[in-house]
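Okay, structure first, notes after.
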Amino acid sequence: MQPEDPVPLWNSPPFELSERDGRWYGRGVADDKGEFISRLEGWRLFRERHPEPLPFRLIWLVDGEEEIGSPSLEAFLKTRFHGERIDVCWWEYGEIDSNGCPIILCGFKGVMAVELRCRTATADLHSSLGAVFDNPLWRLAAATASLRDQSGRVLIDGFYDGIRQPAREERDLSANPPFSFSSLVQATGGKQVLRSINEANFYAAMNFEPCMNVNGFSGGYAGEGAKTVLPAEGSVKIDFRLVPDQDPQHVVSLFRAHLDRHGFEDIELVVHDANVKPVRSSTDHWFIQDASELLEKHFGQPVIVQPSSPASGTAHPFVEQLGASIVGMGITHHGAMLHSPNENIIIEQFEAMIECSAGLFQRLAERASGSRPQDEMNSADPLDRATP
């Protein structure tokens, strides 16, 4: 859970659940206490209706380190579930679009966050010495500019090698965006579109293309008025969103080689996060079929199956270690204000997800007991597998 700052912008105490106009407000109510509680209440409802012994195994895993990259998760799974295999990981996050349509996410991009640091003197110098000495901010700007072209394509040698190409059904889904490019521009206020992006390909780029972002520059003087100074040091923070099968650690090594090859050997590369790998599961998995039917029933809106979220999550250990398919579905609507003041969920959608969750647990029981077709279950005996 993120901090509550800035507190003055909250319309009610951030750690007291408040109800206004059909919504609940509070820090973490969407991300992701509301998501978890809606599923837990769905489980209780299912067990009230079906108290008989379960024909399947269900694991609840609560990760208190998710907001800091889940540094203990991978080792925990190796220790606690060594050698076990699971069918589905119902991920902690899901979306409801502005029209009330549920979105099922079938994957997440990986992330790599780094910082470039450059020092060219022991202390800030008079700017007249810029005729003699190089400027760390110039060097950082040049190094950063060497990483990407104006179409958004990353220029690091080997960056795109081995990327998994989307399956045909994934391409088909991306060819029919659930919202228009113009609506995205209007909603975000974005004014400078990459040269490679247009109405026809923007949604495919969100799902399937890696990207690089400059998060911020630091160094020198940025106060009021002028100060003629030659900075001694500076830094720039950068993140990459990665796609299957890019490995963040490998991209770090490619990045370092790129800097050295372009004459930036003096620039230090500090890695802040290179542990979240990209994942993408099949969009025609049996769990997605069941979830789509139940979501449409309880939300009364058509379901959007999205091949991958443009965002990231530490889902790869469930795929790599436990053989799971990743499915993200939930109640985070587009005005939920995640990580911001006045975070909220819509009560009606929360209640609908309780019923939908209960229905999904019932479907699992039916499949495990053989009362529903196995379709594409990954094991002949579903009792040997689990669903976290």
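The values are calculated or read from the model by the stated rules, or taken from the named source; none is laboratory data. Note that the coordinates shown come from a computational prediction; the quantities given were computed from them, not determined experimentally. Using ideal geometry, Cβ is built from the backbone for each residue, glycine included, and neighbour counts are taken over all protein chains shown.
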Hits in segment 296-323 (condition: in a helix (DSSP H, G or I) and in contact with a Leu (Cβ under 9 Å, 6 or more places away or on another chain)):
P317, F318
Check whether at least one residue in segment 255-274 is within 24 Å of P166 (Cβ to Cβ) and at pLDDT 95 or above, and report yes or no.
no
I'd like to verify a number: residues in segment 169-198 that are among the charged types (D, E, K, R), without any contact (Cβ under 8 Å) to a residue 60 or more places away in the chain and surrounded by 12 or more Cβ atoms within 10 Å (Cβ to Cβ), how many?
2
Check E92 against each of (1) in contact with a Ser or Thr (Cβ under 9 Å, 6 or more places away or on another chain); (2) buried (at least 16 other Cβ atoms within 10 Å of the Cβ) and name the one condition it does not meet.
(1)
Per the filter on segment 130-185, residues farther than 21 Å from R261 by Cβ, at pLDDT 95 or above and aliphatic (A, V, I, L, M) are A131, V132, L137, I163
Scan segment 29-45 and give yes if some residue there is within 11 Å of N342 (Cβ to Cβ), touching a residue at least 12 places away in the same chain (Cβ under 8 Å) and not acidic (D, E), otherwise no.
yes
Mind checking which pairs have a first residue in segment 1-23 that is within 24 Å of E66 (Cβ to Cβ) and a second that is outside any loop (DSSP other than H, G, I, E, B) and among the aliphatic types (A, V, I, L, M), Cβ under 7 Å, 6 or more apart or different chains?
P14/V7; L17/V29; R23/I345; R23/I346; R23/I347
Does C89 count as within 22 Å of the chain's Cα centre (by Cα), in the same structural domain as D32 (by TED's automatic domain parsing) and under 16 Å from P278 (Cα atoms)?
yes
Checklist (1) surrounded by fewer than 19 Cβ atoms within 10 Å (Cβ to Cβ); (2) more than 21 Å from the chain's Cα centre (by Cα); (3) at negative phi applied to L147, failing item
(1)
